[in-house]
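Bear in mind that the values in this text are calculations on the coordinates, not laboratory data. The model shown is predicted, which means the values in this text are computed figures rather than measured ones. Positions of Cβ are generated from backbone atoms using ideal geometry, with glycine treated the same way; all protein chains shown enter the neighbour counts.
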Amino acid sequence: MTAVITAKGREILANRVKGSGSEPLNLAWGLNPASLTAAATDVALFKEAPESRVAGTSSITTGTTPNDTYQVTGTFTAASGQTISEVALSDSSSKPTAVDSVQTSSGVIGSNSSTNLIVANGALFAVNQYIQIRTEVLKITAISTNTLTVTRAQNGSTAISTIALNDVVTGGNIPGVTNVTNGSLFFKADHGAQTLSSGDQISYTLTTKFT
C-alpha cells in the first residue's frame with residue numbers, strides 16, 4: 001500500500017493553516033483496474049467508483065507527540081459487485097465534472113510522446129485544464145470537438161506508453177489551479193484489492209501524521 005499527500009494536498013494544507021479553504025474530509029474510493037501505485041503527482045483517482053463520496057468524521061490524534069496526526073474515518077457501502085483498491089480524501093463532496101475515456105484512434109494509445117487524445121465528449125473539458133490517465137497528468141492546450149491536444153508529463157508525472165483504449169480520463173487540479181470543479185485531492189492511497197458484493201462495506205481510517 002502506498003499513501004501520499006498529493007502536490008495539490010500540500011497547497012490545501014497551507015491554505016488551511018492560513019485559515020482558508022474547506023477541510024479535506026470527503027472520502028472517495030476507486031477501482032484502480034490496472035493496479036497502479038498512488039503518487040504525489042496524481043490529481044485524480046485512477047477510476048473512481050460509482051457510489052457517492054462519503055463525508056468522513058475527522059479528529060486530531062496522537063502519533064509520536066500529542067496531537068500530531070489528522071485522522072478521517074468513513075464507511076462506504078457497495079451498490080453493486082466490484083473490486084475496490086484505492087481511496088482518497090478531497091475538499092469536495094462531489095466528483096469531478098470532467099470524466100471520460102480514451103477512444104479509438106487516439107495517438108496517445110501506446111505512445112509516450114503523442115499529443116492527440118480523442119474522448120467521447122469533448123464538451124466535458126476545457127482548454128488549460130489538467131487531466132489524468134493512469135499515472136500520467138496531461139494539460140489540455142486545444143480542443144476540436146472530441147479531439148484534445150495535450151501536453152504530456154505534467155505536475156512532475158512521467159509520460160507513459162501504457163495508455164490504452166477505454167482508459168479513464170479524469171480532470172483534476174494541480175497546485176495553483178482550480179478550474180476543474182471538485183477536482184482537488186488532498187490524500188490518495190492504493191491498497192489490496194477488495195472484491196465486494198452489493199451491500200458489502202469498507203470502513204477506512206486515514207491518517208496524516210506531521211513529523
Under 18 Å by backbone N from the virtual spin label 7 Å along Cα-to-Cβ at residue 111, the residues of the range 129-152 are 133-134, 136-152
Across bins of 5 angstrom width beginning at 0, how are the C-alpha pair distances of the chain distributed, in whole percent?
1, 8, 15, 20, 19, 16, 11, 7, 3, 1, 0, 0
Residue-wise, which Karplus ³J(HN,Hα) couplings in Hz belong to the range 194-205, taking 6.51 cos²θ - 1.76 cosθ + 1.60, θ = phi - 60°, and x for glycine or proline?
10, 7, 10, 9, 4, x, 5, 10, 10, 9, 10, 10
Under 18 Å from the residue 181 label point (7 Å along Cα→beta-carbon), backbone N, the range 72-109
91-100
Long-range share for the range 99-172, i.e. C-alpha pairs more than 19 Å apart as a percent of all pairs, stands at 16 percent
Given N residues in the range 17-117, what is Rg(Cα) / (2.2 N^0.38 Å)?
1.35
Once fully extended, how much extra length lies between residue 210 and residue 20, figured as 0.36 nm per residue of separation less the alpha-carbon to alpha-carbon distance?
66.4 nm
Take the chain, connect every pair of alpha-carbon atoms lying under 10 Å apart with a spring to form a Gaussian network, then pick out the residue of 48, 23, 136 with the largest mean-square fluctuation.
23
Which whole-number percent gives the relative contact order of the range 1-142, counting Cα pairs below 8 Å spaced six or more residues apart?
24 percent
Count the lysine pairs in the chain whose Cα atoms lie under 24 Å apart, taking only pairs 8 or more positions apart in sequence or on different chains.
15
Non-local amide H neighbours of residue 137 (under 5 Å, H modeled in plane, Pro and chain starts lacking H): which ones?
153, 154, 157, 158
Calculate the spin-label point distance for residue 94 paired with residue 195, positioning each point 7 Å from the Cα along the beta-carbon direction, and give it in nanometres.
3.6 nm
Could you state the angle between the C-alpha long axis of helix 7-17 and the longest principal axis of the C-alpha atoms of the chain, as a value from 0 to 90 degrees rounded to the nearest 10?
40 degrees
Below 8 Å, C-alpha to C-alpha, sequence gap of six or more: please give me the relative contact order for the range 99-172 in percent.
40 percent
Spin-label zone in the range 16-52 - amide nitrogen under 16 Å from a point set 7 Å from the Cα of residue 58 along the C-beta vector
16-28
Once phi is turned into θ = phi - 60°, what whole-Hz ³J(HN,Hα) does the Karplus curve with 6.51, -1.76 and 1.60 give for every residue of the range 176-184, x standing for Gly and Pro?
x, 10, 9, 7, 9, 4, 6, x, 10
